[in-house]
């Protein structure tokens, strides 16, 4: 069991690292992710107990999830697809600053829009805004970050204007994010099925990894795309010819939803340690 738990820890890190990279890119904080994880844990554990024929209670859920029993009623009252942070401190710090700029009358125009603020000053300045809403971030650090992601614009070198309410820097849209989540969820559901099923019931998951010349990437993309289209057309015809018989609708023979995906794999280089002049150097273990 210890070996399994150790392997699960490695698995979690490998799954979470690309996910967290995306979340950081799109301005989702660790606190927001924690709230999402709590919600998923509570709902998934509730489903698990029900599947096992157990009575679902807050006490049992607290035992198997580690979530404080007092928080479970509120968590389970909200659907999994809705995010409700328990406090504003769970939000991304840059998002908290932008929210304050858009919602706090002190930093608004008479029409209710975010005002153009002087960067420095004791009152009604960007510095005061950051001091009130960031949770302790130096205002020049916040200024640099918001400018980097395009959420603000400097005016004349000493004033700043809010451009948008969210600190999102990339060009993804609502549909592409949802599609990414659906594809990743399908893959993980299949891998979970294989981990808990007998070998005869497992679904095929195949992968090949190699090191190639970077100049071969366009050819790889083209070749894989053509072969993927051909394979998926064959599988689509197979599924259409094996639809459930309508005459079995009243019997205990429901259809199952099956599919296949062809996904190119491009692994990221090993993690690098960021050279931060303000960070303390890691302690080296002494060798004896």
Q.
If packing is taken as the average number of other Cβ atoms within 10 Å across a peptide's residues, how do 13-26, 213-226 rank, most packed first?
A. 13-26, 213-226
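Show me 30-41, 95-106, 66-77 ranked by packing, highest mean number of other Cβ atoms within 10 Å first.
95-106, 30-41, 66-77
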**Q.** R0 of 22 Å, Cβ-Cβ distance residue 165-residue 109: FRET efficiency to nearest 0.05
**A.** 0.90
(Q) Shape verdict for region 2-88, please, from the Cα gyration tensor: rounded (a/c under 1.5), prolate (a/b greater than b/c) or oblate. (A) oblate
(Q) In Å and on Cα atoms, what radius of gyration and Dmax does region 91-162 show? (A) 10.8, 30
**Q.** For region 12-62 versus region 103-120, the gap between their alpha-carbon centres in whole angstrom
**A.** 37 Å
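Any read-out appearing in this document is the output of simple, stated calculations on the displayed coordinates, not a laboratory observation. Since the structure is predicted, the reported quantities are computational estimates derived from the model, not experimental observations. Methodologically, a virtual Cβ is constructed for each residue, glycine included, from the backbone with ideal geometry; neighbour enumeration extends over all protein chains shown.
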